[in-house]
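The structure appears below as structure tokens.
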Amino acid sequence: MEKLYFFNTLSRSKEAFKPLRPPMVGLYTCGPTVYNDQHIGNFRTAIFQDTLKRVLRLSGYQVRHVMNVTDVGHLTSDADEGEDKIEVGAAREGMTAWEIAEHFTQRYLKDLAKLNIIAPDVLCRATGHIPEQIELARRLEAKGLTYRIEDGVYFDTSKFPGYGRLDPSRLEGLKPGARVEMMAGKKNPTDFALWKFSPKDKKRQMEWPSPWGVGFPGWHLECSAMAMHYLGESFDIHCGGADLITIHHTNEIAQAEGATGKQFVRFWMHGEFLVMNQAKMAKSAGGFVTVRVLEEKGVDPLAYRYYCTTAHYRKQLDFTWEALEAAQSALNRLRDRAQALFQESRNSPGGVEETALVQKRFVERLEDDLDIPGAVAALWETLKAGAISPKAQYLFLEACDAVLGLDLLKSSQDQLPEEIRRLVEEREDARLRRDFKTADEIRLRLAAKGFVLEDFASGVRWKKRQEKESRP
Ligand code: AMP
Ligand code: ZN
């Protein structure tokens, strides 16, 4: 690849990307808060981050990817008030806080695998890094950047020059005289908790001793502490969803740079929301869609990954079931095409040079701030034009898939839900036995479930009936 350009939230412009210590790239992504399943909105951000990682790898970089798991300290309100989401989730599910965090972490990792998202090199839990967080808060205290009030130790944002530069529009609304509700004792509306004391009247499941008293870390502290622990005090790229810019990432910068006096992160990259019915998909809002729900409806999780290629990562993506079906059939068509190309070119030599030619157009789109919709359009155009040999087209699909992660070389016939696959096989057996009555019965049962079979000399193939009304 020639040169990568990424949009940097910090400068609000596209900048040429250069790592601090090539060929290494340090990448930190904010991970899940594990009190519930992640929804496909969360996974849109995870897919964007995975695509970024794959493009960096394609460019010859060695990516060290660190992702946190928030298993303590994320409160139900962004204003350092409310209850700990993990403890609330634990009560809901009848588990301990530790159990619920582990339970949903494991489910999260399974979902990542289903979406072909490459696991991070380091997966770090907030509860596993309490000493690092206390140490960072102590450094800030030593520099006079903190103060203590009844419910915890706070970061004094007025003492950190340049506070809030990741989102200057927020400070506009907080100019002197603006009416903002503020917790008693807080000096500035933007100040935030580094360490919260356990409530006096209630025993928390997760709490630790600290120089200031028994309690737990504020949510933002974990990311600054763990990112610096694993990637150094300055590193290359930090990502997350757009909702993290204003508070979480702003506070991460204040904590890290307040302690070290060095630039924390070179490139801040943020993915826009997945929206459904005009609202951001959110765990707290209910009615969200999980990978499990996709599978229950017979949708391949990778069809959702294809869906994510239809919008640039910095644009909102609207979710509808109809559009997801269209994504599933587009993905099936690509896979069918790959199978046909494979059959056609099985014994033909070459193809590599022709592939390099068309690949350039695909790669150029990636270099321009990860223009995945543009890259996928280039892929379809190449296949439609058919100007290169079947072998070259097949190799091209293979190369594109290294970035797209869609299992394009896998036959769409493998994607049947288990129960349906068994029925298809039973019907095949019946046909071989010339028991056409049973075969027809099974065909009808499959049709009732929305699967249409077509018999070919080479065997049976299936299609999913397009049925709008079967979706909520
Ligand atoms: P959480 O588990 O809520 O801490 O979120 C994990 C990641 O998902 C963060 O990077 C969020 O910014 C991101 N996220 C949350 N909701 C959405 C959404 N509707 N669309 C895209 N990303 C989201
Ligand atoms: Zn974070």
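Per-residue extension of 0.36 nm, minus the Cα-Cα distance of Ala326 and Glu425, leaves a gain of 33.0 nm for this segment. Think of segment 291-413 as a dipole: +1 on every Lys or Arg Cβ, -1 on every Asp or Glu Cβ, centred on the Cα centre; then among Ile388, Val363, Leu406, Ile388 lies furthest on the positive end.
If a spin label sat at a point 7 angstrom from the Cα of Gln263 along the line to its beta carbon, the backbone N atoms of segment 11-28 nearer than 11 Å would be those of 11, 18-20. Model label sites at Asp201 and Ala285, defined 7 Å from Cα along the beta-carbon direction, differ in position by 3.4 nm. Counting every other Cβ atom within 10 Å of each residue's Cβ, His238, His270, His220, His229 order from fewest to most as His229, His270, His220, His238. A simple rule links phi to the HN-Hα coupling: the Karplus curve 6.51 cos²θ - 1.76 cosθ + 1.60 with θ = phi - 60°, which for segment 237-242 gives 9, 10, 10, x, x, 4 Hz, with x for Gly and Pro. For segment 396-411, 3J(HN,Hα) computed residue by residue from phi via the Karplus equation (6.51, -1.76, 1.60; θ = phi - 60°) reads 5, 4, 4, 5, 4, 5, 4, 9, 7, x, 10, 6, 5, 8, 8, 5 Hz, glycine and proline entered as x.
Each residue, Ile118 and Ser13, gets one label point 7 Å from its Cα in the Cβ direction; the gap between the two is 3.1 nm. Between Ala282, Ala137, Thr320, the Cα set farthest toward the positive side of the dipole of the chain (charges on each charged residue's Cβ, about the Cα centre) is that of Thr320. Annotation: the antiparallel percentage among DSSP beta bridges lying fully within segment 5-271 is about 45.
With +1 on each Lys and Arg Cβ and -1 on each Asp and Glu Cβ, and nothing else charged, work out how big the dipole of the chain is about its Cα centre, in Debye to the nearest 20. Kindly include the intermediate steps, with their values, before the conclusion.
Details: 67 positive and 68 negative charges, 106 e Å.
The calculation lands at about 500 debye.
Here is how the number arises for the chain: DSSP H runs of 4 or more residues each give -39500 (n - 2.57), the sum is divided by the residue count, and the result at 222 nm is -13500 deg cm²/dmol.
Starting with the fewest neighbours, write out Ile245, Ile118 ranked by other beta-carbon atoms found within 10 Å of each beta-carbon. Mind dumping the intermediate values first?
Working: Ile245 18, Ile118 15.
Placing the least packed residue first, the sequence is Ile118, Ile245.
Helix 97-114 and the longest principal axis of the Cα set of the chain meet at an angle near 40°.
Short to long, the 5 Å bins of the Cα pair-distance histogram for segment 291-413 hold 2, 11, 20, 23, 19, 13, 7, 3, 1 percent of all pairs.
Between Leu20 and Arg139, the FRET efficiency estimated from the beta carbon spacing at R0 = 25 angstrom works out to 0.70. One quarter of the convex hull surface built on the alpha carbon atoms of the chain amounts to 25.9 nm², the projected area averaged over directions.
Of the residues Met67, Gly164, Phe6, the one whose Cα sits farthest toward the positive end of the charge dipole of segment 5-271, with +1 on the Cβ of Lys and Arg and -1 on the Cβ of Asp and Glu, is Phe6.
Just to verify a number: FRET efficiency for Arg346 and Arg170, C-beta to C-beta distance, R0 = 60 Å, to 0.05? Once the sixth-power term is evaluated, E becomes 0.55. Spin-label pair Gln278-Ala79: with each label point 7 Å from Cα along the Cα-Cβ axis, the two points sit 2.7 nm from one another. Directionally averaged projected area (segment 5-271, Cα convex hull): 14.0 nm². For Lys262, list the lysines whose Cα falls under 20 Å from its own Cα; do not include residues on the same chain fewer than 8 positions away. Partners found: Lys18, Lys143, Lys159. Amide H to amide H distances under 5 Å link Phe267 with Ile237, His238, where only residues 5 or more positions off or on other chains count and H is placed in the peptide plane. Here the gap between Val452 and Lys187, fully extended at 0.36 nm per residue and compared with their Cα-Cα distance, gives a gain of 88.8 nm. To the nearest 10 degrees, how steep is helix 436-448 against the longest Cα principal axis of the chain, on a 0 to 90 scale? Once rounded, the angle reads 30 degrees.
Each reported figure results from applying straightforward, stated rules to the coordinates on display, with no laboratory input. Fair warning: this is a prediction, and the values are worked out from it, not measured in the lab. Neighbour counts run over all protein chains shown; Cβ positions are idealised from the backbone, glycine included.
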